[in-house]
Amino acid sequence: MIDSTSASRAEQITVQHSQPTNPTVQMAGITVEFPGVKALDGVDFRLFPGEVHALMGENGAGKSTLIKALTGVNPIAAGTISVNGSSMRFNGPADAREHGISTVYQEVNLCTNLTVAENIMLGSEPRRFGGLDWRTMRRQAKVYLERMGLDIDPSSSLGSHSLAVQQLVAISRAMVVDAKVLILDEPTSSLDTDEVEQLFTVMRQLRDDGVAILFVSHFLDQIYAIADRITVLRNGQLVQERMKDQLPQRELVSLMIAGTSDAQVSRANERVAVTERAADAKPLLQAVGLGRKGAVQPFNLDLYPGEVIGLAGLLGSGRTELARLLYGADKADVGSIKLAGEPVKLRTPRQALGRKIAYTSEDRKGEGVIGDLTVAENIILGLQAARGWIRPLPTVKATQVVDAYIKALGVRPANPNALLKNLSGGNQQKVLLARWLATAPKLLLLDEPTRGIDIGAKTEIMNLVSELAEQGMSVVFISAELEEVLRLSDRIVVMRDHEKVAEIASTPEVDVPRLIEIIATGEEDK
Amino acid sequence: MTRIYKHRLFWPVVALLALLLACTIKRPDILGISVLDGHLFGAPIDILRNSSPLLLVSLGMTLVIATRGIDLSVGAIVAISGAVALTFIASSSNPGSVGTAIGAIVVALGLCVILGAFNGLLVANFGIQPIVATLILMTAGRGVAMLITNGQITTVNSAPFSKLASGFVLGLPVAALIAYGVFAVVALVVRRTALGMLLEAVGINPEASRLAGVKSKTLVFTVYVLCGLLSGLAGLIFAANTMAADANNAGLFIELDAILAVVIGGTSLAGGKFNLAGTMIGVLIITTLTLAVTVLGISPLVTSLFKAIVVIAVTLMMSTRLRAMFGSLRDRRRYQEVGA
């Protein structure tokens, strides 16, 4: 019964968009269920050879789940998958890979302690005399790296390279098996513009060779630069599949975020920068000559209540390191911090927490999410840590706090007992924000809070930051997206090569090109 | 019905009941409890009493494993604790007095806290891998016990001290009352305070927990101290049972039984979520196995094999992958039924 309905659905689609070639991958009526969550509900999806197909949707729309359903990571409750016309079900990424479907995930899933060559060739190592042929391995790896335009030593350890390079290595690895289908799940979220262009060159080349590419990204410009076809998901359901040329950007966004009104989007745009503070305003936190060897050169920084400070700079410019010093996540080896005029020592996160400072890490998976605990436990963790283990948060209070934040931040699913690992990236981020907001911080350090999450959640988080600042919270906002920094910040601190090079008011004259110029030259003067 | 089947303690409980059933078939009166001199006697009471030391050690082990750690030194601590207590009694002027017994207990437990703190220091403060850090005391510990006893098996007489193992209160063995009482108190403290959640958080993601303000170092340190203390208590019950300080054999391989009990109870060695009730059932299974071997008349030659088969069966039935396989078989059947 199920089979016949999905078949008829598939026919409908084929009628709607007649296509000369047969799809390499055809998924029909895919349903995936997690405990307490219906992640996908009867979704159809096709991948044609020689096409880049962008999968779009908000966080929790089901993009990652659909990919995992295809590669067999998530079991499918209903629906069919056919590859090259024959029905298939994979046992996992390795199985899918053997059948020519390679996946590169959002977070780099490689072994950082192995060499670049080992990472690329793992599973397809050249052998000789029963052992590994290291020389051939390095040579072959070099060829794949060169195809990606990467000039790095194959025998260097992967961990010694930047996240961006690691991402490109992951893609090189995906190409080793002569993939017919390449799945790229947000490969660009940690790449800079040049690297993205480099990636696109490779993607176009592969597409012209007849590879079917599934591409997930939150950057609309990138979608329109590379995609041929776009599928939009929302709340686990298929909204539409269309050729890119027939889907204007504005319409795409509205398809993705039906329900988010224009008013909400524009409010974030309209945040008026407070460039002049009251004469008697006293800084909440003053960093004087604060620095750490190899991380950040000594810097001075004053943070005022009700102000948003944007930290701009390239990846690895010291943005994160600066925030970590203010939180005590790393120990400063020079300089001092004054809080409300009084010198304080912030050597551990616990001390910072006690001083009402909160920090969300850019590494959500590694340093934020506690996946096997529930949403509720993750939210109250900060509060509970501040109280110590001996005084548990009263159940009534905990329920109140959890319910209030789930509602206020729109966490989906709104189930406090769901395990956090079963939520989408954007919703995990909201839960982490809730953890910190519940501690009622006076200073909130947000490191890339909007990375890898969709427009809807981004807007929500940015509106929230504005509101918090209006209520008198001091906020440090770090983002690779300069528009976001400009839109939210009252003042902007520019980091370059581990050094604070400029601090400017976010006046209307300051725009993205101006910021880029400062980041590039390190000079404030025009 | 399906709910019960899916509960993660379903299979361990089934294994325990199956073992008891097998014993009952062989000897129908085995589970009977009789009253003698106001004390309860019978195989179930024996199981409770014999499981006491292992229960205490496994309790500490569960908490250590929850923090992604492991404590291999528990057996050595058991030996040291017994050696110290009995040597203390042997060297005192009045071995038979209650005061001496209490003194022996306090000194032994005090030393075990220090030993636990040594483990905790190595793991939490110096960041040495738990398996390596506790291996030090595992090997050195028995040497220390030998030094304390001068390499001899010290035999002493102290009526108050031996009550720890052979005494009865309210008709129940003192050893069991201590072990299960301590177990209940610790379980209550862990789940009623935030300790359990914080331990799990540290076990699941140590760095995220640290950044969330959790005092992970202190927590991990405390857990090793507690594990040392509980192992020391287990050592006292061991020693009171034989009244002979055997540095070589007291608590030998108890670390392996304890780890086994924790795993059977459904706590992952990868750390994080832990299940104290599961550990208790694991301990009961292991103790009952020993009884079953005797009752069923299994030859000593195949005893280890028999134990291994039971353990493999339980762990396999609990494996999520195997369950997923069974689950998908069931689901497929269901879909076929719907389809037809």
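By what distance, in whole Å, do the Cα atoms of region A:197-252 stretch along each of the three principal axes, largest value first?
Ordered largest first, region A:197-252 gives principal extents of 32, 20, 19 Å.
So for each of A:239-248, A:328-337, B:117-126 I average, over its residues, the number of other beta carbons within 10 Å; can you give me the resulting order with the highest mean first? Display every interim value, and only then the final one.
On the way: A:239-248: 15.0, A:328-337: 17.4, B:117-126: 19.6.
Result, highest mean first: B:117-126, A:328-337, A:239-248.
Quick one: if you stick a label point 7 Å off each Cα along the C-beta vector at A:Ser254 and A:Asn91, how many nm between them?
4.9 nm
Going by the alpha-carbon gyration tensor, a ≥ b ≥ c the square roots of its eigenvalues, is region B:103-258 rounded (a/c under 1.5) or, if a/c is not under 1.5, prolate (a/b greater than b/c) versus oblate?
Working: a/c = 2.83, a/b = 1.48, b/c = 1.91.
Oblate, since a/c reaches 1.5 and b/c is not below a/b.
Rounded to a whole number, what is D in µm²/s for the protein assembly as shown from Stokes-Einstein with the Kirkwood radius over alpha-carbon pairs (37 °C, 0.692 mPa s)?
Details: Rh = 30.8 Å.
Once the numbers are plugged in, D ends up at 107 µm²/s.
Taking N as the number of residues in region A:285-521, what is its alpha-carbon radius of gyration divided by 2.2 N^0.38 Å?
Working: Rg = 17.5 Å, N = 237, 2.2 N^0.38 = 17.6 Å.
With N residues counted in region A:285-521, Rg over 2.2 N^0.38 Å equals 0.99.
How well do other chains shield peptide B:9-22, expressed as the mean number of their Cβ atoms within 10 Å of each residue Cβ?
On the way: counts 0, 0, 0, 0, 0, 0, 0, 0, 0, 0, 0, 0, 0, 0.
The per-residue average across the peptide is 0.
Rounded to the nearest 0.05, what FRET efficiency do A:Glu125 and A:Phe34 give with R0 = 45 Å and r taken as the Cβ-Cβ distance? Could you check? Don't skip to the answer; put the middle values down first.
On the way: r = 36 Å, r/R0 = 0.79.
Efficiency, from the Cβ-Cβ distance: 0.80.
Sorted from largest to smallest, which semi-axis lengths in Å does the alpha carbon gyration tensor of region B:16-142 give for its equivalent ellipsoid, taking the root of 5 times each eigenvalue?
Working: eigenvalues 231, 128, 21 Å².
Over the Cα atoms of region B:16-142, the ellipsoid semi-axes are 34, 25, 10 Å.
Can you pull the three principal axis extents for the Cα set of region A:402-526, in Å, largest first?
54, 28, 25
Using the Cα gyration tensor of region A:109-178, with a ≥ b ≥ c the square roots of its eigenvalues, what is the shape: rounded (a/c below 1.5), prolate (a/b larger than b/c) or oblate (neither)?
prolate
What translational diffusion coefficient, to the nearest whole µm²/s, does region A:295-410 have by Stokes-Einstein, given a Kirkwood radius computed over alpha-carbon pairs, a temperature of 10 °C and 1.306 mPa s viscosity?
97 µm²/s
With n ≥ 4 as the cut-off for DSSP H runs, can you work out [θ] at 222 nm for the protein assembly as shown, using -39500 (n - 2.57) per run divided by the number of residues, rounded to the nearest 500?
Working: 35 runs with 438 residues, N = 866.
Mean residue ellipticity at 222 nm (helix-derived): -16000 deg cm²/dmol.
Using Cα pairs closer than 8 Å and at least 6 residues apart in sequence, work out the relative contact order for chain B, in percent. Mind dumping the intermediate values first?
Values: 549 pairs, mean separation 110.3, N = 340.
Rounded, it is 32 percent for chain B.
Can you check what the Kirkwood hydrodynamic radius comes to for region B:10-329, Cα pairs only, in Å to one decimal? Spell out each step's value before the answer.
Working: mean 1/r = 0.0491 Å⁻¹.
It works out to 20.4 Å.
With every protein chain left in place, what is the accessible area of A:Glu467 in Å² (1.4 Å probe, nearest 10)?
80 Å²
What are the radius of gyration and Dmax of region A:458-526, computed over its Cα atoms and given in Å?
Expressed in Å, the Cα Rg and Dmax of region A:458-526 come to 12.5, 36.
Per residue of A:346-355, how many C-beta atoms from partner chains lie within 10 Å of its own C-beta, taken as a mean?
3
Using mean Cβ contacts within 10 Å as the protection proxy, how do B:226-232, B:265-271, A:122-128 order, highest first? Intermediate results must be reported in sequence, preceding the final value.
Details: B:226-232: 27.4, B:265-271: 19.4, A:122-128: 12.9.
In descending order of packing, they fall as B:226-232, B:265-271, A:122-128.
Using a simple spin-label model with points 7 Å from Cα along the Cα→Cβ vector, what separation in nm is obtained for A:Ala295 and A:Leu132?
3.3 nm
Work out how far the C-alpha atoms of region B:106-154 reach from end to end along every principal axis, then list the three figures in whole Å, largest first.
37, 23, 10
Per residue of B:191-198, what is the mean number of Cβ atoms on other protein chains within 10 angstrom of that residue's Cβ? Mind dumping the intermediate values first?
Numbers: counts 1, 1, 6, 14, 4, 2, 11, 7.
Mean partner shielding for this stretch: 6.
When the convex hull of the C-alpha atoms of region A:61-114 is computed, what volume per residue in Å³ does it have? Mind showing how you got there, number by number?
Numbers: hull volume 5.3 nm³, N = 54.
Dividing the Cα hull volume of region A:61-114 by its residues yields 98 Å³.
Based solely on C-alpha atoms, express the radius of gyration and the Dmax of region A:421-492 in angstrom.
11.8, 37
Considering the zone a paramagnetic label at A:Arg147 would reach in this model (a point 7 Å from Cα along the Cα-to-Cβ line), which residues of region A:94-132 have amide N under 11 Å from it?
The answer is none, because no backbone nitrogen lies closer than 11 Å to the label point.
The values are calculated or read from the model by the stated rules, or taken from the named source; none is laboratory data. Quick caveat: nothing in here was measured; it's all calculated off a predicted structure. All Cβ positions, glycine included, derive from the backbone under ideal geometry; neighbour counts span all protein chains shown. The protein model used for the area step is the full one, side chains on, heavy atoms only, and it has no ligands, DNA or RNA in it. Shrake-Rupley method; radii C 1.70, N 1.55, O 1.52, S 1.80 Å.
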